[in-house]
1. Inside the stretch 65-103, can you point out the residues that are in a strand (DSSP E or B) and open to solvent by 70 Å² or more (accessible area, probe 1.4 Å)?
2. Provide a single number: the residues in the stretch 14-64 that are polar (S, T, N, Q), surrounded by 15 or more Cβ atoms within 10 Å (Cβ to Cβ) and closer than 18 Å to Gln3 by Cα.
3. Which residues, taken from the stretch 1-13, are open to solvent by 30 Å² or more (accessible area, probe 1.4 Å) and assigned to a strand (DSSP E or B)?
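The values are calculated or read from the model by the stated rules, or taken from the named source; none is laboratory data. These figures come from a predicted structure and were not determined experimentally. So basically every Cβ, Gly included, is an ideal-geometry build from the backbone, and we count neighbours across all protein chains shown. Side chains are part of the model used for accessible areas, which takes the heavy atoms of the whole protein and leaves out ligands, DNA and RNA. Shrake-Rupley method; radii C 1.70, N 1.55, O 1.52, S 1.80 Å.
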Amino acid sequence: QVQFVESGGGLVQPGGSLRLSCVASGSGFSIYSMAWFRQAPGKQRELVASITSGGITNYADSVKGRFTISRDNAKKTVYLQTSSLKPEDTAVYYCNMLPSAGRSWGQGTQVTVSS
């Protein structure tokens, strides 16, 4: 089972930026689509951005134009560059392969946007 370790979160003021990283262990990383998800308190986990093995990206409308997903297959790492952060972006951010059903989740990384 592939494991994920997310990092890069923190406390940032509105309008700020963070670069999140997710390192995967195990084999097969390069052939799978990867995604970033987030879960805010009291809300369901939602898909934020995805990237195929070939680099095709897709974004939730709420983050389009502000977030950029990328991957480095040699490092088994997927990134989420966030910018123009808003208080409503506050959540725990997770990465996973797609489809994510039945897969284990990492601890996530907390992003808090507040002045």
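1. The answer is Thr68, Gln81.
2. Going through the stretch 14-64 one residue at a time, the tally reaches 3.
3. Of everything in the stretch 1-13, those that are open to solvent by 30 Å² or more (accessible area, probe 1.4 Å) and assigned to a strand (DSSP E or B) turn out to be Val5, Ser7, Leu11.
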